1. Report the dimensions of region 141-307 along its three principal axes from the alpha-carbon atoms, largest first, rounded to Å.
2. Taking the Cα centre of region 250-337 as origin and charging only Cβ (+1 Lys, Arg; -1 Asp, Glu), how large is the dipole, in debye to the nearest 20?
3. Give me the dipole magnitude in Debye, nearest 20, for the chain about the Cα centre, with unit charges on the beta carbon: positive for Lys and Arg, negative for Asp and Glu.
4. Where the convex hull is taken over the Cα atoms of the chain, what is its projected area averaged over directions, in nm²?
5. Any chance you could look up the accessible area of Met135 with a 1.4 Å probe, heavy atoms only, rounded to 10 Å²?
6. Provide the per residue accessible area, probe 1.4 Å, for the chain, rounded to a whole number of square angstrom.
7. Run the helix sum for the chain: -39,500 (n - 2.57) per DSSP H stretch of 4+ residues, divided by residue count, reported at 222 nm to the nearest 500 deg cm²/dmol.
8. If R₀ is 41 angstrom, what is the calculated FRET efficiency for the pair Phe142 and Lys75, using the beta carbon separation as r and rounding to 0.05?
Amino acid sequence: MKLLKENTNILAIETSCDETAASVLRGSLKSVKPKFSILSSVVHTQINIHKKTGGVVPEVAARAHMKYILPATEKALADSKCALSNIDYIAVTSGPGLIVSLIVGTEFAKGLSLAAGIPLLPTNHMSGHLYSAFMSESASQFPMLSIIVSGGHTMFVLMKDYKNYRVIGSTVDDAAGEAFDKVARLLELPYPGGPAISKLARLGKTDIGFPRPMIHHQNFQFSFSGLKTAVLYYLDTLKKPISHKQKADIAMSFQNAVVDVLTAKAERAIAQFECKSVALSGGVAANAALRNSLNAMCKQKNILFAVPNIELCTDNAQMIAIAAYFNLRNGQKPVPAGKVRANPSWELK
Ligand code: KG4
Ligand code: ZN
């Protein structure tokens, strides 16, 4: 039985998609308010590997995870100056994500847990994005609207406090990041698509006026697949080859549509649930136009807006360590290694 320690050290491992990451967090399980610091964070990105194929090939990602997981973990421990013998818990992303990628991290963490006798905390990747809002330790105000926009998910989560939350909306088809990636492919932009679109969008001048799917629906559901199709149909009407200027207008117009939908729905959720703060996380949270739009809306309403630094929006192990820390404070118990399985469709509830 672990006692509630003042200094609890958590080693976190993340391999849900195409980043091999490890991080060490030290936090108090005794303090009334959350109190933690990140001792190290290592991310080995596979971007250069997947650039060649224009997207993530799962088996290629898994092989890269196998190559980098041990060096990333060793570096995270060395950087933290915390020996493995001083680690109290190992947290590992065991879902959702690509099954073959998840298996590498989960089985590695299980082996480490058994060999070193360290309790294991299977951790939900989306809860990592959710709790990454508290990365900056800025005072959080509840109720909080947490907007998670990643490659696989688009979610509105209503947080009553650090422990109690519920998903109030999600996408009925493509996730926001997925739409960015697919539109980037239509425009023949390099992988990864999201950053390429946002860079090109800065040069855009004329808004084409793509549809804002479900913007007037009173619920918090999203649909981005039709928007991508609208871009495809628009491209069909253009004389080839398409100029750089035309591509920039398309990128900007597409981005404006996504930003408008997310901002309008966020505004409605804030009013309906009387939110005192908004948090933005997930890979698409790196998008400057989205950050600026939500920031301006929150400023106008005089409510707090929290968003991780750009490099911490995309996948990393720091957010998994933070989620595990909050889960422990919320009463989560470790799971015997033999019972932990990678679960690619583990939904955040
Ligand atoms: O959270 P994340 O790293 O992985 C998942 O959990 O899915 O998110 C990756 C997604 C990709 O779709 C990527 O294109 C998108 O985040 N993304 C961006 C930007 N940077 C990354 N989308 C729009 N603008 C960006 N600057
Ligand atoms: Zn993610």
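1. 53, 27, 27
2. Dipole about the Cα centre, nearest 20: 280 debye.
3. Roughly 420 debye, rounded to the nearest 20.
4. Mean projected area of the Cα convex hull: 17.1 nm².
5. 30
6. That works out to 44 Å² per residue.
7. -13000 deg cm²/dmol
8. Efficiency, rounded to the nearest 0.05: 0.70.
The values are calculated or read from the model by the stated rules, or taken from the named source; none is laboratory data. Keep in mind that what you see is a predicted model, and the values were worked out from it rather than measured. No Cβ is skipped: glycine too gets one built from the backbone with ideal geometry, and neighbour counts run over all protein chains shown. Heads up: the accessible areas ignore ligands, DNA and RNA and are worked out on the full protein's heavy atoms, side chains in. Shrake-Rupley method; radii C 1.70, N 1.55, O 1.52, S 1.80 Å.
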